[in-house]
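Enquirer: Have a look at this one.
What follows is calculated from the coordinates using simple rules that are stated; it is not laboratory data. Quick caveat: nothing in here was measured; it's all calculated off a predicted structure. When we count neighbours, we look across all protein chains shown, and the Cβ atoms used for this are built from the backbone with ideal geometry, even at glycine.
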Amino acid sequence: MGALRDLKFETLGKAVDDARQLLATGYVRQGNWSLGQICRHLVLVQDPSVDGYPVWMSWFAPLRPLMRRILLPKVLSGDSPRGIRTAPMFMPPDNLDDGSEVDAFAASVERLANHSGNFAPHPAFGRLPRDRILEIHAAHAAHHLRHLRCRDETS
């Protein structure tokens, strides 16, 4: 396996552009998930910002100040922890169609961008301003999409 791409997206729209580029050129996996699986995971994680998270995720609310202080700066700097198991509800199935999932990711991003109300409190970080929630989702997208490299890249 080669080195992971060094990615940072200024906006979630840039993450969609990257996913579309990977779809167009083909890609090499440097992790466990395909482009379709990554896009499905991103949708599963992003959509609750609008729709709300399951009640059980609020059980971790007492840890939010600590998570905001310790984990949030790592997430935003691109130094997200690797190898942490995600909740089953956020796990993508196998054998997804990359094109359909990229389109669904783009639709989710557009929905977030057009959402005029408050976002639901983040399970780990609590209620945050709109720009910070979008920044977290962009960093999360970069964390996963960095595991795919355009097929025509030599390094």
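Enquirer: If I take R0 = 25 Å and measure r between the Cβ atoms of ARG151 and ALA3 in this structure, what FRET efficiency does the formula 1/(1 + (r/R0)^6) give, to the nearest 0.05? Intermediate values should be presented prior to the final figure.
Expert: Working: r = 16 Å, r/R0 = 0.64.
So, using R0 = 25 Å, E works out to roughly 0.95.
Enquirer: Let me have the relative contact order for the stretch 12-150, percent, based on Cα pairs under 8 Å that are six or more residues apart.
Expert: Details: 155 pairs, mean separation 71.5, N = 139.
Here the relative contact order equals 51 percent.
Enquirer: Could you tell me the center-to-center distance, by alpha carbons, between the stretch 113-155 and the stretch 1-39 in angstrom?
Expert: Distance between centres, Cα-based: 13 Å.
Enquirer: Return the label of the correct value of Kirkwood radius over Cα pairs in Å, as calculated from the structure shown, out of (i) 16.0; (ii) 16.4; (iii) 15.4.
Expert: Derived directly from the coordinates: (i).
Enquirer: 7 Å from Cα along Cα→Cβ at both ARG132 and ASP17: what's the point-to-point distance in nm?
Expert: The two pseudo-label positions are separated by 2.7 nm.
Enquirer: Among SER34, HIS140, PRO92, whose Cα projects farthest towards the positive end of the dipole of the chain, with charges put on the beta-carbon of Lys, Arg (+1) and Asp, Glu (-1)?
Expert: HIS140
Enquirer: With n ≥ 4 as the cut-off for DSSP H runs, can you work out [θ] at 222 nm for the chain, using -39500 (n - 2.57) per run divided by the number of residues, rounded to the nearest 500? Can you show the working numbers first?
Expert: Details: 6 runs with 76 residues, N = 155.
Helix contribution divided over all residues of the chain: -15500 deg cm²/dmol.
Enquirer: Okay, moving on. Test of understanding: in a Gaussian network model of the chain with alpha carbons linked when under 10 Å, which of GLU135, GLU101, GLU110 would top the mean-square fluctuation ranking?
Expert: With Cα springs under 10 Å in the chain, the top fluctuation among GLU135, GLU101, GLU110 is at GLU110.
Enquirer: At a Förster radius of 30 Å, what calculated FRET efficiency corresponds to the Cβ-Cβ distance of VAL28 and TYR53, to the nearest 0.05? Don't jump to the answer; show the numbers that get you there.
Expert: Details: r = 34 Å, r/R0 = 1.12.
So, using R0 = 30 Å, E works out to roughly 0.35.
Enquirer: Please give the FRET efficiency for ASP79 paired with ALA107, using the beta carbon to beta carbon distance and R0 = 30 Å, rounded to the nearest 0.05.
Expert: Working: r = 29 Å, r/R0 = 0.97.
Once rounded, the FRET efficiency stands at 0.55.
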